[in-house]
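Have a look at the structure below, then the notes.
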Amino acid sequence: MKKLLGVLFSVMLLIAVAGNAKANTITITDAITTASEVDHWFITLSDETDISINVLAYEYSGTDFFNNGPGNDRLDSMIYLFSDAGIQVGYNDDLYSVASRSDGSVSGLDSYTLINDLAAGDYMLAIGDFYLSPNEAWNGINTGSHSTGSYMLTLTDSDDALSLTGTSDPVPEPATMLLLGAGLLGLVGVRKRFVK
Ligand SMILES: [Ca+2]
Ligand SMILES: [Ca+2]
Ligand SMILES: [Ca+2]
Ligand SMILES: [Ca+2]
């Protein structure tokens, strides 16, 4: 069921993206809700582009699906970007730069990376709590003792080449997802390519 909800959420995202095809910034709010959770976001680039990945996480409670109020919202994010061949093309734990704070980040324990001239193709972004190893990120299971919390993810590309094509993430409140169904098969296809 969790997988199905994830796919349904993917369809919602596709509709959201399709409604604004020229946008080159995508913002998502979600959460890491259990110690082992790693969120996977599937990205397609239609052309070579520069892409920034900006996470607002630590003590973030702006859109909190799970009632982790301030003081409990302790996701210390780590991010990895993989190609669909499993090659790591991007990574960050913490960044305290002006760019990383453009989303309102205060602590700097959240994550930011800018990848220049990334080739067209399919990619997977993994988000989890410190310390998330590359293998944990790729496999989607974070072992060890970990915090939970909500996050806001902002993806920006310089060439209008970026689209979000799906997620592995379960959706906490599926109440608005009933009218969706077209495109499900295509999304399953996208996801299967990442399941080796
Ligand atoms: Ca999640
Ligand atoms: Ca971090
Ligand atoms: Ca940030
Ligand atoms: Ca870990």
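Readers should treat all values here as calculations from the given coordinates under stated rules, not as data from a laboratory. Remember, predicted model here, so these are calculated numbers, not experimental data. As a convention, Cβ positions derive from the backbone with ideal geometry for all residues, glycine included, and neighbour counts pool all protein chains shown.
Details
- D (Stokes-Einstein, µm²/s), Kirkwood Cα radius, the range 68-145, 1.306 mPa s at 10 °C: 117 µm²/s
- The ranking of SER97, SER61 by Cβ neighbour count inside 10 Å, starting from the fewest, reads SER97, SER61.
- Put simply, the amide H of THR148, placed in the peptide plane, has neighbours under 5 Å in ARG74, leaving out anything fewer than 5 places away on its chain.
- Placing a label point 7 Å from the Cα of SER145 along the Cα-to-Cβ direction, the residues of the range 22-48 whose backbone N falls under 18 Å from that point are 34-37.
- Cut-off 17 Å (backbone N to label point 7 Å along Cα→Cβ of ASN135), residues of the range 80-109: 86-88
- Working note: Karplus 6.51/-1.76/1.60 with θ = phi - 60° gives the range 134-149 the couplings x, 5, 4, 5, 5, 7, x, 9, 9, 8, x, 8, 9, 8, 10, x Hz, where Gly and Pro are set to x.
- Computed from the C-beta positions of SER158 and ASN72 and an R0 of 45 Å, the FRET efficiency is 0.80 to the nearest 0.05.
- Two-site FRET efficiency, THR25 against VAL98, from Cβ-Cβ distance with R₀ of 25 Å, rounded to 0.05: 0.90
- Computed magnitude of the charge dipole of the range 63-170 (debye, nearest 20; Cβ of K, R +1, Cβ of D, E -1): 240 debye
- The residues ILE28, ILE141, ILE53, when put in order of fewest to most other Cβ atoms within 10 Å, stand as ILE141, ILE28, ILE53.
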